[in-house]
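The values are calculated or read from the model by the stated rules, or taken from the named source; none is laboratory data. As the structure is a prediction and not an experimental result, all values here were calculated from the model. As a convention, Cβ positions derive from the backbone with ideal geometry for all residues, glycine included, and neighbour counts pool all protein chains shown.
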Amino acid sequence: MAPLGMQSIRESIGEALGTFVLVLFGCGSVAVSVLFEAHQGLMQVALTWGIGVALAIYLTRHLSCAHLNPAVTVAMVLGGRMTPRKMPRYLIAQFAGAIAAGIVLYALMAPTIAAYESANGIARGTPESVKTAMMFGEFYPNPGSSAVVSMPLAFGAEAFGTFLLVLMVFALTEGCNVGRPDDALAPMFIGLTVTSIICLLAPLTQAGLNPARDLGPRLVAWQAGWGSAAFPDQSGGFLLVYVLGPVVGGVVAALFFTRILEPAMREPTPCCCANEPEADKDDTCAN
């Protein structure tokens with residue numbers, strides 16, 4: 001076992017690096033879609049996000065638990081899967097990775113963003129500049145959508161989407177769930193879960209589902225000249241919708257899984273166990 005100090009460093013590196021990769025690939029897909037029309041349709045952007053999530057988990061899950069999302073970390077603590085003392089360093093690392101990804105993305109795209117704004121008559125920092133600010137933080141309703149979305153609806157959408165994501169994370173990593181795929185495939189299915197949720201919710205809120213993914217790049221945009229235009233409203237709605245919403249959704253998912261689904265999974269399932277040797281019927285949760 002690694003010394004406590006080395007373990008803390010390793011976990012922080014894992015969470016920061018994984019969140020960096022997730023946000024860079026995901027926000028990058030939005031950026032190239034806006035600036036170059038590189039993606040045609042929501043599905044392509046959603047798939048890129050999902051692939052980015054899967055790759056980030058594969059890259060870092062041996063370093064940390066590859067939460068890469070404050071809502072997941074809070075849920076894991078409430079679900080008894082992680083000790084609370086680890087939570088501060090996980091959260092700090094996640095936000096640091098997201099901010100770093102926003103800085104790198106802006107450094108890569110800054111000349112092109114300026115040219116795009118000039119060609120389209122967009123003055124950075126004005127309400128119209130949400131068309132480029134949306135490459136970093138989310139907005140409700142999605143600037144590219146005709147959806148009608150109030151703050152309560154946006155909050156509910158983000159909470160519900162994160163509920164689904166965290167529920168699937170728990171289910172895909174629970175030893176009692178005999179229907180789950182092999183552990184080596186779990187990151188792919190978590191990525192596909194993100195893709196599916198984005199396809200459902202992105203027209204409403206751009207489907208943030210991750211406080212670090214939203215707030216980190218949004219702060220970069222705020223500092224890079226978008227100012228108040230980097231925020232979806234002037235009443236703190238971005239904190240309620242994109243920070244509190246996912247955390248609430250994650251908390252509800254953790255409680256629902258640990259108090260209802262997990263106990264049910266520990267009960268013998270006739271359709272799964274009927275043809276098993278008698279000695280193997282009660283061993284599904286041994287690991």
Over segment 56-77, the set of residues without any contact (Cβ under 8 Å) to a residue 60 or more places away in the chain and under 14 Å from the mean Cα position of the chain (by Cα) is 56, 67, 73
Exercise for review: Tell me, please, whether a residue that is over 20 Å from residue 251 (Cα atoms), of a type in the set (A, V, I, L, M) and assigned to a helix (DSSP H, G or I) can be found in segment 165-176.
Suggested key: no
Every listed condition ((1) among the hydroxyl-bearing types (Ser, Thr, Tyr); (2) over 14 Å from residue 15 (Cα atoms); (3) surrounded by fewer than 21 Cβ atoms within 10 Å (Cβ to Cβ)) holds for residue 48 save (3)
Filtering segment 210-253 down to residues that are surrounded by 20 or more Cβ atoms within 10 Å (Cβ to Cβ) and in a loop (DSSP other than H, G, I, E, B) yields 210, 231, 232
Reported set for segment 204-219 where residues are of a type in the set (A, V, I, L, M, F, W, C) and under 15 Å from residue 30 (Cα atoms) is 207
| query | So is residue 28 of a type in the set (Gly, Ala, Ser) and modelled with pLDDT of 95 or more or not? | reply | yes
Out of (1) assigned to a loop (DSSP other than H, G, I, E, B); (2) among the β-branched types (Val, Ile, Thr); (3) free of Cβ contacts under 8 Å to residues at least 40 places away in the same chain, the one residue 197 does not meet is (1)
**Prompt:** Is it the case that some residue within segment 35-46 is aromatic (Phe, Trp, Tyr), under 24 Å from residue 120 (Cβ atoms) and either within 14 Å of the chain's Cα centre (by Cα) or part of a helix (DSSP H, G or I) (or both)?
**Reply:** yes
Of the residues in segment 166-219, those that are at positive phi and out of contact with any Ser or Thr (no Cβ under 8 Å at 6 or more places or on another chain) come to 206, 207
Next item on the list: Output yes when any residue across segment 134-154 is out of contact with any Asp or Glu (no Cβ under 7 Å at 6 or more places or on another chain), without any contact (Cβ under 8 Å) to a residue 60 or more places away in the chain and part of a helix (DSSP H, G or I), and no when none is.
Entry: yes
Inset, instruction - Taking residue 227 as the residue in question, decide whether it is on the phi > 0 side of the Ramachandran plot and more than 19 Å from the chain's Cα centre (by Cα). - result: yes
Consider residue 109 carefully, then state whether it is surrounded by 19 or more Cβ atoms within 10 Å (Cβ to Cβ) and either free of Cβ contacts under 8 Å to residues at least 60 places away in the same chain or not polar (S, T, N, Q) (or both).
-> yes
Filtering segment 112-133 down to residues that are surrounded by fewer than 17 Cβ atoms within 10 Å (Cβ to Cβ), part of a helix (DSSP H, G or I) and of a type in the set (A, V, I, L, M, F, W, C) yields 114, 115, 119
Touching a residue at least 24 places away in the same chain (Cβ under 8 Å), among the small types (Gly, Ala, Ser) and part of a helix (DSSP H, G or I), is that true of residue 207?
-> no
Taking segment 63-93 and keeping only residues that are in contact with a helix residue (DSSP H, G or I) (Cβ under 7 Å, 6 or more places away or on another chain), closer than 14 Å to residue 162 by Cβ and assigned to a helix (DSSP H, G or I), one is left with 70, 71, 72, 73, 74, 75, 78
